[in-house]
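Participant: Here's a structure for you.
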Amino acid sequence: MSEPTAMDIDSEWPDQLPTTISKGKGKAVVTVEEKGATKENLPWVEKYRPTHLDELISHKDIISTISRFIDENRLPHLLFYGPPGTGKTSTILACARKLYGERYKSMILELNASDERGIDVVREQIKNFASTKKIFSSGFKLIILDEADAMTQVAQNALRRIIEKYTRNVRFCIICNYVGKIIPALQSRCTRFRFAPLKEDQIRTRLDYVIETEGINITEDGRKSLLRLSQGDMRRALNILQATHAAFPIVNEDAVYTCTGSPRPKDITTMASIMFDSDFASAYAAVQRLKTEKGLALSDIITELYNTVMAMELLPSCRVLLLDRMAEIEHRLSTGCTEKIQLAALIGVFRNVVDLTEKLSVQQ
Ligand SMILES: Nc1ncnc2c1ncn2[C@@H]1O[C@H](COP(=O)(O)OP(=O)(O)OP(=O)(O)O)[C@@H](O)[C@H]1O
Ligand SMILES: [Mg+2]
């Protein structure tokens, strides 16, 4: 028997749950081991995935434009791009429901990064689906190429011709995080929509709904920490909420930060004042000790330090210097440089900024 395709798997959804559905890049992995499992067993990101366009809490302008295309029956090929967890996949699935009704699974072919997507798949699977004439409710079928930035250049090139050839009865929706990785020829065949990170109040509205439905005991500081850590990513907000709720009876600031292992803002403020106020050797020892005690990664410290530095009172040129050097250190860390040396560099930058501040104040 041949391997099931994404469509075969999806077509059983949601009455009979499949054995394994894996979404690419390690995100939103849904594993339901037993058939007959209910929606209750699902991770919240799937349980609360919006099914209709009006359930999506953001990007109203994009949604109304696409709704208009659908109503006027002139949907173009689409290109959705933007950071993770902003509703790209959910939007296109909701569009498919609007287009084809509840039996939409037979009218769409969904391929994501976990499916084999070399040149052969583009040729065979897409061609087979695109060329079949089984069209019921609407004039065209929909092919969703999710996480398309992971597709090879060769496969993307092969798509150019296929898109043109089957435009009569198929619309493509290409979804990716990095639009730069999509070849210009494909971009120019699609109408582009950028999904910006969600705003805090949008995430809050949806979180409040989940909190109420699940009956979660959460404090206001817990809610604030969730919003802070989610950084515009609704999936992250829901995952942290679910993990913290599973591990702690009350979701408060402490529980959220313990669960995610992220640095607490107050620890970062302490580190910042140590780096500003102490000499190099004592600052290095103190920050290193705090870092080990709390089990923090330097890259996480720098991410959180950014907020602290932005909120501090600093001379403009000092802030610019500090941010610029922090960005360099962050980059070096991402390429695998030694944490100890980078920490020393970070403290060195703070010392430079203190010296510069003194020099500039004397001049004024
Ligand atoms: N705009 C939104 N309104 C409501 N829920 C949302 C929205 N965006 C994301 N979510 C929630 O986050 C989860 C992930 O969203 P989705 O899979 O659509 O993100 P995505 O943009 O496709 O991310 P990725 O680029 O990582 O694939 C959804 O299951 C849903 O629960
Ligand atoms: Mg997606």
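Participant: Using beta carbons and a limit of 7 Å, which pairs, at least six apart or on different chains, have the first residue in the stretch 55-81 and closer than 14 Å to K98 by Cβ and the second one hydrophobic (A, V, I, L, M, F, W, C) and assigned to a loop (DSSP other than H, G, I, E, B)?
Facilitator: Sorted first by the residue in the stretch 55-81, then by its partner, the pairs are I63/L56; F69/L75; L78/C190.
Participant: Output the number of residues of the stretch 220-265 satisfying the condition of being within 16 Å of ligand 1 (Cβ to nearest atom) and among the polar types (S, T, N, Q).
Facilitator: Number of matching residues: 4.
Participant: What tally of residues in the stretch 250-283 results from selecting those that are touching a Leu at 6+ places or on another chain (Cβ under 9 Å), open to solvent by less than 60 Å² (accessible area, probe 1.4 Å) and in a helix (DSSP H, G or I)?
Facilitator: 9
Participant: Which condition from (1) of a type in the set (A, V, I, L, M, F, W, C); (2) farther than 30 Å from I250 by Cβ; (3) part of a loop (DSSP other than H, G, I, E, B); (4) modelled with pLDDT of 90 or more is the one that I135 breaks?
Facilitator: (4)
Listed here are the residues, each with its yes/no results for (1) part of a loop (DSSP other than H, G, I, E, B); (2) at pLDDT 85 or above; (3) near ligand 1 (Cβ under 9 Å from one of its atoms); (4) open to solvent by less than 40 Å² (accessible area, probe 1.4 Å).
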site	(1), (2), (3), (4)
L79	no, yes, no, yes
S90	no, yes, yes, yes
L99	no, yes, no, yes
E110	no, yes, no, yes
S114	yes, no, no, no
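Participant: May I pose another question? Among (1) farther than 12 Å from V122 by Cβ; (2) in a helix (DSSP H, G or I), there is one condition I163 misses while meeting the rest; what is its number?
Facilitator: (1)
Participant: Shifting gears a bit: Need pairs with beta-carbon distance below 8 Å; first residue in the same structural domain as E55 (by TED's automatic domain parsing) and under 30 Å from R161 (Cα atoms) and within the stretch 187-205, second open to solvent by 70 Å² or more (accessible area, probe 1.4 Å) and modelled with pLDDT under 95; sequence gap 6+ or separate chains.
Facilitator: Close Cβ pairs (under 8 Å, with a partner that is open to solvent by 70 Å² or more (accessible area, probe 1.4 Å) and modelled with pLDDT under 95) amount to R189/R160; R189/E164.
Participant: Taking into account only those residues within the stretch 138-160 that are within 17 Å of L75 (Cα to Cα) and part of a loop (DSSP other than H, G, I, E, B), which is modelled with the lowest pLDDT?
Facilitator: S138
Participant: Please specify each residue of the stretch 192-213 satisfying the condition of being away from ligand 1 (no atom under 13 Å from the Cβ) and in contact with a helix residue (DSSP H, G or I) (Cβ under 8 Å, 6 or more places away or on another chain).
Facilitator: Scanning the stretch 192-213 gives R192, E200, I211.
Participant: Separate question: Restricting the search to the stretch 201-248, which residues are part of a helix (DSSP H, G or I), farther than 21 Å from L42 by Cα and open to solvent by less than 60 Å² (accessible area, probe 1.4 Å)?
Facilitator: Q202, G222, R223, S225, L227, L229
Let's see how each residue does on (1) closer than 23 Å to N177 by Cβ; (2) open to solvent by 30 Å² or more (accessible area, probe 1.4 Å); (3) modelled with pLDDT of 50 or more:
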{"position": "P4", "(1), (2), (3)": "no, yes, no"}
{"position": "S22", "(1), (2), (3)": "yes, yes, no"}
{"position": "K27", "(1), (2), (3)": "yes, yes, no"}
{"position": "V32", "(1), (2), (3)": "no, no, no"}
{"position": "G36", "(1), (2), (3)": "no, yes, no"}
{"position": "W44", "(1), (2), (3)": "yes, no, yes"}
{"position": "G85", "(1), (2), (3)": "yes, no, yes"}
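The values are calculated or read from the model by the stated rules, or taken from the named source; none is laboratory data. Please read these numbers as outputs of a predicted model, since none were measured by experiment. Positions of Cβ are backbone-derived with ideal geometry, glycine not excepted, and every protein chain shown enters the neighbour counts. Heads up: the accessible areas ignore ligands, DNA and RNA and are worked out on the full protein's heavy atoms, side chains in. Shrake-Rupley method; radii C 1.70, N 1.55, O 1.52, S 1.80 Å.
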